[in-house]
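**Student:** The structure under discussion is supplied below as structure tokens; questions concerning it will follow.
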Amino acid sequence: MRTCIAMGTYHNPGETFINHHIGHLFGGDTVILCARRRGEDVHHRPIHVRRPATGLAALASLPGQARNLLRHGSTQVPAGRDRAAIAAFLKREGVEVILTEYGTQALVLAPLASDLGIPCFTYFRGSDASRSLQTAKQARDYRRLMPYLAGIFAVSRHLVDNLARAGATHPNTRVIPSGVETDLFVPDEKVPGRFLAVGRLVPKKAPQVTIRAFANATRDLPHTKLDIVGDGPLMEPCRALAEELGAGDRITFHGRLPHDAVRALLSRAEFFLQHSVTGPDGDTEGMPTAIQEALSAGAVTISTRHAGIPDAIEEGETGFLVDEHDAEGFAQAIAYGLHLGPRIRKMSTAARATALARFDKRTLLAELETHMRKTLA
């Protein structure tokens, strides 16, 4: 089934879930529609970059924008030359269905797809069903969006509930996590006392809580080590905190690393740490890919009762959860994990089994394809 994958930026190496859809959805019979094009073209699919009119062309598109406002309640829907170019691209490529990555992209494209008679689905993944819902206008726009969609997917029930509280519901809704390549993220011989954290160093990840909890829980355990992978605006404050707490020699800041390097670290880590919290702007996780990868690699995960994370972690069986911002509880969970003894191996095995049963990317992709086909049959 010829599918147009619509996104904000192409190509973003960190958006592994989008890249997987481009490469493999319906056998990789895909084309790309994006708002911006940056970096390398790794997929070699037909690409169209949306180009809203500027200058005199923008004036010429004003009547079309006015019609969109009246018909769809939005001026985000392409008008004028931009609309014509998108329509021509979709027709030329024989597109049968559109999948927009993130609900914010659906606001732009679903009404146009409806006009063209092309079914459109969207995938909610995190900020698009949390931070984006902080304004009354966005909630209203999502409510207006629903009738234009053939169905919606979300990576966690938490996001579906967020949308429902805003009055944005769709009868054809399915929760399907992004998943992980379980044949790539596999356990190796675990290094005792080895911890790993992966993610942007931003408020939503609360990296300072992770660092402080690790330092406090392992103060008298010099063999313990924490690898932190990722960059972001909190990098320097995090480095300074590690030194201040006397843990600078046991915490390594790697910055961004290639995916294969992350896999290697995960395969040997006993524990994975992620203290996700709701950001100051209302941003939340969906179902963190890093946690799914950690489970697949057999790392015991210590995280928070946040967004979709409790759906992934079975407390006491595959990991431990604390409340958001509970630094003391996070430290206690780390300390408890270090005294599990032989039980750590059992939990590692259970984590791997959970990933195979619930988060295998190929299985979830097949579920996505089956649901789309049934909807359109």
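**Student:** Tally up the residues in segment 264-280 that are of a type in the set (Asp, Glu) and at pLDDT below 95, please.
**Tutor:** As a first pass, look at segment 264-280 and keep what is of a type in the set (Asp, Glu): 270.
When the remaining residues are screened for being at pLDDT below 95, the result is none.
So the answer is 0.
**Student:** Kindly indicate which of 243, 236, 270 is free of Cβ contacts under 8 Å to residues at least 24 places away in the same chain and under 24 Å from residue 335 (Cβ atoms). Working first, answer last.
**Tutor:** On the way: 236 fails: under 24 Å from residue 335 (Cβ atoms); 270 fails: free of Cβ contacts under 8 Å to residues at least 24 places away in the same chain.
Step by step, each of 243, 236, 270 is checked, and only 243 is free of Cβ contacts under 8 Å to residues at least 24 places away in the same chain and under 24 Å from residue 335 (Cβ atoms).
**Student:** Mind checking whether some residue in segment 110-126 is acidic (Asp, Glu) and modelled with pLDDT under 95? Quick ask: steps written out before the conclusion?
**Tutor:** Residues of segment 110-126 acidic (Asp, Glu): 115.
Those left that are additionally modelled with pLDDT under 95: 115.
Taking every residue of segment 110-126 in turn, at least one turns out to be acidic (Asp, Glu) and modelled with pLDDT under 95.
**Student:** Collect the residues in segment 133-161 that are touching an Asp or Glu at 6+ places or on another chain (Cβ under 9 Å) and charged (D, E, K, R), keeping them in residue-number order.
**Tutor:** 157
**Student:** Show me the strands (runs of 3 or more DSSP E) found entirely inside segment 1-52 where at least 1 residues are of a type in the set (Phe, Trp, Tyr) and under 16 Å from the mean Cα position of the chain (by Cα).
**Tutor:** 3-10
**Student:** Answer yes or no as to whether residue 11 is modelled with pLDDT under 95, surrounded by fewer than 22 Cβ atoms within 10 Å (Cβ to Cβ) and over 14 Å from residue 123 (Cα atoms).
**Tutor:** Working: modelled with pLDDT under 95: yes; surrounded by fewer than 22 Cβ atoms within 10 Å (Cβ to Cβ): yes; over 14 Å from residue 123 (Cα atoms): yes.
Against the criterion (modelled with pLDDT under 95, surrounded by fewer than 22 Cβ atoms within 10 Å (Cβ to Cβ) and over 14 Å from residue 123 (Cα atoms)), residue 11 qualifies.
**Student:** Would you be able to tell me the number of residues in segment 265-282 that are open to solvent by 20 Å² or more (accessible area, probe 1.4 Å) and closer than 20 Å to residue 131 by Cα?
**Tutor:** Taking segment 265-282 first, the residues open to solvent by 20 Å² or more (accessible area, probe 1.4 Å) are 265, 268, 270, 278, 280-281.
Okay, now just the ones that are also closer than 20 Å to residue 131 by Cα, so 278, 280-281.
Adding up the residues that qualify gives 3.
**Student:** How many residues does segment 213-243 hold that are within 29 Å of residue 342 (Cβ to Cβ), out of contact with any Lys or Arg (no Cβ under 6 Å at 6 or more places or on another chain) and not hydroxyl-bearing (Ser, Thr, Tyr)?
**Tutor:** Here the count works out to 14.
Residue-wise test of (1) at pLDDT 95 or above; (2) under 14 Å from residue 102 (Cβ atoms); (3) open to solvent by 10 Å² or more (accessible area, probe 1.4 Å); (4) among the aliphatic types (A, V, I, L, M).
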| residue | (1), (2), (3), (4) |
| --- | --- |
| 133 | no, yes, yes, yes |
| 137 | no, no, yes, no |
| 140 | no, no, yes, no |
| 151 | yes, no, no, no |
| 161 | yes, no, yes, no |
| 165 | yes, no, yes, no |
| 171 | yes, no, yes, no |
| 175 | yes, no, yes, yes |
| 178 | no, yes, yes, no |
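**Student:** Do the conditions hold for residue 160, that is, is it touching a Ser or Thr at 6+ places or on another chain (Cβ under 9 Å) and without any contact (Cβ under 8 Å) to a residue 40 or more places away in the chain?
**Tutor:** Working: touching a Ser or Thr at 6+ places or on another chain (Cβ under 9 Å): yes; without any contact (Cβ under 8 Å) to a residue 40 or more places away in the chain: yes.
Yes, satisfied.
**Student:** Could you go through segment 208-215 and let me know if any residue there is aromatic (Phe, Trp, Tyr) and in a strand (DSSP E or B). Full working, then the answer.
**Tutor:** Pass one, segment 208-215, residues aromatic (Phe, Trp, Tyr): 214.
Filter once more, keeping what is in a strand (DSSP E or B): none.
Within segment 208-215 (the criterion being aromatic (Phe, Trp, Tyr) and in a strand (DSSP E or B)), the answer is no, since none of the residues qualifies.
**Student:** So which residues in segment 355-377 are assigned to a helix (DSSP H, G or I) and touching a Ser or Thr at 6+ places or on another chain (Cβ under 8 Å), if there are any at all?
**Tutor:** Those that are assigned to a helix (DSSP H, G or I) and touching a Ser or Thr at 6+ places or on another chain (Cβ under 8 Å): 355, 356, 361, 364.
**Student:** Could you grab me the full set of residues in segment 301-354 that are open to solvent by 30 Å² or more (accessible area, probe 1.4 Å) and part of a loop (DSSP other than H, G, I, E, B)?
**Tutor:** Those that are open to solvent by 30 Å² or more (accessible area, probe 1.4 Å) and part of a loop (DSSP other than H, G, I, E, B): 305, 314, 317, 323, 324, 325, 326, 339, 341, 342.
Here is a yes/no grid of residues against (1) part of a helix (DSSP H, G or I); (2) in contact with a His (Cβ under 8 Å, 6 or more places away or on another chain); (3) not polar (S, T, N, Q):
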{"site": "121", "(1), (2), (3)": "no, no, yes"}
{"site": "137", "(1), (2), (3)": "yes, no, yes"}
{"site": "152", "(1), (2), (3)": "no, yes, yes"}
{"site": "169", "(1), (2), (3)": "no, no, no"}
{"site": "174", "(1), (2), (3)": "no, yes, yes"}
{"site": "186", "(1), (2), (3)": "no, no, yes"}
{"site": "192", "(1), (2), (3)": "no, yes, yes"}
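**Student:** Answer with yes or no whether residue 35 is out of contact with any strand residue (DSSP E or B) (no Cβ under 7 Å at 6 or more places or on another chain) and either modelled with pLDDT under 95 or not acidic (Asp, Glu) (or both).
**Tutor:** Values: out of contact with any strand residue (DSSP E or B) (no Cβ under 7 Å at 6 or more places or on another chain): no; either modelled with pLDDT under 95 or not acidic (Asp, Glu) (or both): yes.
Against the criterion (out of contact with any strand residue (DSSP E or B) (no Cβ under 7 Å at 6 or more places or on another chain) and either modelled with pLDDT under 95 or not acidic (Asp, Glu) (or both)), residue 35 does not qualify.
**Student:** Another one. Among the residues of segment 220-264, which ones are part of a helix (DSSP H, G or I), surrounded by fewer than 20 Cβ atoms within 10 Å (Cβ to Cβ) and under 23 Å from the mean Cα position of the chain (by Cα)?
**Tutor:** 235, 259, 260, 261, 263, 264
The values are calculated or read from the model by the stated rules, or taken from the named source; none is laboratory data. Predicted, not measured: the structure shown is a model, and the values here were computed from it. With ideal geometry, Cβ positions are generated from the backbone for all residues, glycine too; neighbour counts draw on all protein chains shown. Ligands, DNA and RNA are stripped out before the accessible areas are found, and what is left, the full protein with its side chains, is counted by its heavy atoms. Shrake-Rupley method; radii C 1.70, N 1.55, O 1.52, S 1.80 Å.
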